[in-house]
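Novice: There's a structure below that I have some questions on.
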Amino acid sequence: MGKGAADRVFDALGDPTRRALVARLSQGPMSVSELKRPFDISLAAVVQHLQVLERSQLVRTEKVGRVRTCWIEPAGLDVAAAWLAVRRALWERRLDRLGDVLVEEAQPREDGRS
């Protein structure tokens, strides 16, 4: 069974290093070398993480000469936001219905029973 876009995004964001890379790129585009600077991992490991982020369409990279520049791909984040919005709306409706039931049960009945 193939993975959908949301599955790829959440798989990619499931790794703390990849989340940190996305957070750094939210500051703006930067080279792979700049992106690697605060991490205690090899350049090859950063590149592997970036490949996962590219496949999930969260990050884009472009190589010009010897420098590969990376930046956030907002549409990739929109996939996650849309998935979360659907679940949030579902739970808000459920909680609203629960609230209605609780209010109804808290009101005294006409027959005198509570």
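The values are calculated or read from the model by the stated rules, or taken from the named source; none is laboratory data. Note that the structure is a prediction, hence the values are computed from the model and not measured. Note that each Cβ is placed from the backbone with ideal geometry, even for glycine, and that neighbours are counted across all protein chains shown. SASA here: full protein model, heavy atoms, side chains in, ligands and nucleic acids out. Shrake-Rupley method; radii C 1.70, N 1.55, O 1.52, S 1.80 Å.
Novice: What shape does the chain take by its C-alpha gyration tensor, where a ≥ b ≥ c are the square roots of the eigenvalues and a/c under 1.5 counts as rounded, a/b above b/c as prolate, and the rest as oblate?
Specialist: Because a/c hits 1.5 or more and a/b exceeds b/c, the chain counts as prolate.
Novice: Ignoring ligands, DNA and RNA, please state the percent of accessible area on the chain from carbon and sulfur, probe 1.4 Å. Before the final figure, lay out the partial values.
Specialist: Working: 4430 of 8340 Å².
Here carbon and sulfur together make up 53 percent of the probe-accessible area.
Novice: Which ³J(HN,Hα) values in Hz, rounded to whole numbers, follow from the phi angles of region 4-9 under the Karplus curve 6.51 cos²θ - 1.76 cosθ + 1.60, where θ = phi - 60° and Gly and Pro get x?
Specialist: Values per residue, Gly and Pro as x: x, 4, 5, 4, 5, 5 Hz.
Novice: For a Förster distance of 35 Å, can you work out the FRET efficiency between the beta-carbons of VAL64 and GLN27, rounded to the nearest 0.05? Working shown, then result.
Specialist: Numbers: r = 20 Å, r/R0 = 0.58.
Calculated transfer efficiency: 0.95.
Novice: Angle check, please: helix 74-106 long axis (alpha carbons) against the longest principal axis of the chain (alpha carbons), in degrees 0 to 90, nearest 10.
Specialist: Relative to the chain, helix 74-106 is tipped by roughly 10 degrees.
Novice: Only helical DSSP H runs with n ≥ 4 go in: add -39500 (n - 2.57) per run for the chain, normalise by residue count and round the 222 nm mean residue ellipticity to 500 deg cm²/dmol.
Specialist: -20000 deg cm²/dmol
Novice: Here's a follow-up. Roughly how tilted is helix 43-55, in degrees to the nearest 10 and between 0 and 90, from the longest Cα axis of the chain?
Specialist: Orientation of helix 43-55: about 50 degrees from the principal axis.
Novice: Mind checking which of ALA23, ALA81, ALA89 has the largest fluctuation in a GNM of the chain, springs on alpha carbons under 10 Å?
Specialist: ALA89
Novice: Between TRP91, ALA80, VAL101, whose Cα lies farthest towards the positive end of the dipole of region 66-110 when Lys and Arg beta carbons carry +1 and Asp and Glu beta carbons carry -1, centred on the Cα centre?
Specialist: It is ALA80.
Novice: Rounded to the nearest 20 debye, what is the charge dipole size of the chain about its Cα centre when +1 sits on each Lys and Arg Cβ and -1 on each Asp and Glu Cβ?
Specialist: My answer is approximately 700 debye.
Novice: Angle, helix 16-25 long axis vs. longest principal axis of the chain, Cα atoms, 0 to 90°, nearest 10?
Specialist: 70 degrees
Novice: Based on the alpha-carbon gyration tensor of region 24-75 and its eigenvalue square roots a ≥ b ≥ c, which shape applies: rounded if a/c is under 1.5, prolate if not and a/b is larger than b/c, or oblate?
Specialist: Taking the square roots of the gyration eigenvalues as a ≥ b ≥ c, region 24-75 is rounded.
Novice: Still on this structure: Which whole-number percent is the relative contact order of region 1-100 (Cα, under 8 Å, 6+ apart)?
Specialist: 30 percent
Novice: Would you look at the GNM of the chain, springs on alpha carbons closer than 10 Å, and say which of VAL59, VAL22, VAL67 moves the most?
Specialist: Result for the chain, Cα springs under 10 Å: VAL67 fluctuates most.
Novice: In nm, to one decimal, how far is the VAL47 label point from the ARG97 one, both placed 7 Å along Cα→Cβ?
Specialist: Each label point lies 7 Å from its Cα, and together they span 5.3 nm.
Novice: A further question on this structure: Ranked by accessible surface with a 1.4 Å probe, highest first, in what order do GLU54, GLU92, GLU73, GLU104 come?
Specialist: Most to least solvent-accessible, the answer reads GLU104, GLU92, GLU54, GLU73.
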